[in-house]
Amino acid sequence: MKTFLLPLLRFSALSGALSGVAPFTSLAQSNERPNIIWVFSDDHAFQTIGAYGGRMAHLNPSPNLDRLASEGMRFDKSYVSNSICGPARATILTGKHSHANGFYDNKSRFDGSQQTFPKLLQDAGYETAIIGKWHLTSDPTGFDHWDILPGQGHYYNPDFINSDGKYREEGYVTEIITDKTLDWLESQRDKDKPFMLMMQHKAPHREWSPAPKYLTLYDVVEIPEPDNLFDDYETRTTAAREQDLSIAETMTYGMDLKIQERDEEERLKKRVIRRMNADQRKAWNAAYQPKNEAFLAANLEGEDLIRWKYQRYLKDYLRTTKSVDDSMGALMEYLEESGLADNTIVFYSSDQGFYMGEHGWFDKRFMYEESFRTPLIAWWPGKIEPGSVNEDLVQNIDMAGTFLELAGEPVPEDLHGRSIVPLLAGTKPSDWRDSLYYHYYEYPGIHSVRRHEGVFGGRYKLIRFYGRDVPGGEEWELFDLEKDPSEMNNVYNNPEYSGIVASLKDELETLRAQYGANQENTQGNIRRRKNSS
């Protein structure tokens, strides 16, 4: 497919129309229901998006996402309820925590017969579509159009599945998903209906394979290291000390670091290189071979080796997110030039956050800030105040209700989340939440992160790790993010925080009851389900 080269309609009507912001009134009172676009990436860390600041902002890694934020609303306290790919997607669809939608971990299968927001929007007259990563095992339901990657998908020359079966596309996956999206918007949708479109990227999921045009991006720069790259987990519990997601020990030379010369199982060749055509392979080898030869000749050890791995990881990751940013730019350009921007709200988010070397890690799963927190940006020209920033606690359970309220539809009472439409309008309801519930289930599993649940109130975070592989059956951590934003100092046993601990334990019980997530039921359901699989 040609990349971002679909014919674009030229309109000049927007040139001076967006100088002011129209009142953000109840959509139920509007004569024209808005289109809704949900752009979802996989593992995109908020700290690598320029609009969120941080140590990589000077590299200008995301100019289009930064523009989205400068012209819309950036959410600075957006979190997930279970930091792992499939469960996050199930939560978006249902507006419910994992124990209620039945998708606990990446071994689960989504029950497509249950209530989801796409089905409710279909019933309300919306046309619905999903293009890109799905990762929920079962076929999509509630979508008029679906064209998805099987499983994790591939970066190069990926396979897709639609209602007609499986087929392969030539090219780079982020660009293909973008072209499919623009083609659907331009020539496949019913233009007499409002639409809800989900464009869901594979990138920047592990193994962080960049597009050919970005294989040498950042070659001549040094990525700043986080202060805790060499974290020793001194005050943390067993879970932090015995995880398997460290840059030093867990990353593979072949798949992760692209050093085929040390890829004993040839997994890089099997999964990535063999899918490439001759031109793609030539560009790949030209980019990586000289760098790999220099690395092998240096014979690095100890901290020097870890620092080299960090640089290779971060550069490949940022190269991969660069295509996601390009995709957002192409989408925004199309919406403006086609005249759709006036009545289309666009959201950008990720299924969870990701570690960029913080604590010496990559991946996600923990309730620590880098994986628990996720980017969320909303853009609606003329409706959302440009450059606005929201600091209220929001969570991915909120999106289903948000989409429904935007469409002027009632929000079912059984959803766990709340619509953030008032926040988009710049108004915080007096009864807005002051704490969040989190629960991670996938253990035993890849990366060996213990099961845990927790509560977060914006400053204090209480985490309970539990299970047979946790000493005594459970261990606790408490962090004061005002004093310790990097979560290096577990103060659970500090007597100065005994009142905070007691209060947060009460709040944890309250949230369990609110969501029907008492620990006996959720753990019991997991054990029964795994025993029957």
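Values [x] 33, 31, 22; [y] 42, 39, 21; [z] 39, 33, 24 are given for comparison; semi-axes √(5λ) of the Cα gyration tensor in Å, derived from the coordinates here, is the one labelled [x]. Computed over neighbours whose Cβ is under 14 Å from that of Gly382, the net charge equals -4, Lys and Arg +1, Asp and Glu -1. Shown for region 119-193: the carbon plus sulfur share of the solvent-accessible area, taken with all protein chains present and a 1.4 angstrom probe, equals 39%. Between Asp139 and Asp244, full extension at 0.36 nm per residue minus the direct alpha carbon distance yields a gain of 34.6 nm.
Most simply put, the chain has about 55% antiparallel DSSP beta bridges, counting only bridges with both residues inside it.
Helix-only arithmetic for the chain: the sum of -39500 (n - 2.57) across DSSP H runs with n ≥ 4, divided by the residue total, places the mean residue ellipticity at 222 nm at -9000 deg cm²/dmol. Here the accessible area is traced with a 1.4 Å probe on the protein chains. For region 245-366, carbon and sulfur cover 43 percent of it. For region 169-289, a/c is not less than 1.5, where a ≥ b ≥ c are the root eigenvalues of the C-alpha gyration tensor, and a/b does not top b/c. That puts it in the oblate class.
Model label sites at Asp227 and Lys291, defined 7 Å from Cα along the beta-carbon direction, differ in position by 2.9 nm. Placing a pseudo-label 7 Å from each Cα along the Cα-to-Cβ vector at Asp219 and Arg267 gives an inter-label distance of 2.7 nm.
Working note: Karplus 6.51/-1.76/1.60 with θ = phi - 60° gives region 161-169 the couplings 10, 9, 5, 8, x, 9, 8, 10, 10 Hz, where Gly and Pro are set to x.
Taking each residue as 0.36 nm, the span from Gln311 to Ser435 lengthens on full extension beyond its C-alpha to C-alpha distance by 41.0 nm.
Among the trypsin sites (Lys or Arg not before Pro) in region 441-508, those placed in a DSSP loop whose Cβ has at most 11 other Cβ atoms within 10 Å are Arg459, Arg468, Lys483.
For trypsin sites (Lys or Arg not before Pro), the sites in region 29-78 that DSSP calls loop and that have at most 16 other Cβ atoms within 10 Å are Arg55, Lys77. With all protein chains kept in place, the per residue accessible area of the chain amounts to 38 square angstrom at a probe of 1.4 angstrom. Distance between the 7 Å Cα→Cβ label points at Thr510 and Glu234: 3.5 nm. Available extension along the chain between Asp414 and Glu496 is 25.6 nm, counting 0.36 nm per residue and deducting the alpha carbon span. For trypsin sites (Lys or Arg not before Pro), the sites in region 85-188 that DSSP calls loop and that have at most 16 other Cβ atoms within 10 Å are Lys107, Arg109.
Rounded if a/c is under 1.5, else prolate if a/b beats b/c, else oblate: with a ≥ b ≥ c from the C-alpha gyration tensor eigenvalues square-rooted, which is region 374-475?
Numbers: a/c = 2.49, a/b = 2.24, b/c = 1.11.
Prolate, because a/c is 1.5 or more and a/b exceeds b/c.
The values are calculated or read from the model by the stated rules, or taken from the named source; none is laboratory data. None of the values given here were measured: they were computed from a predicted structure. Cβ coordinates were reconstructed from backbone atoms using ideal geometry, including for glycine residues, and neighbour counts include every protein chain displayed. In case anyone asks, the SASA skips ligands and DNA or RNA and just uses the protein heavy atoms, side chains included. Shrake-Rupley method; radii C 1.70, N 1.55, O 1.52, S 1.80 Å.
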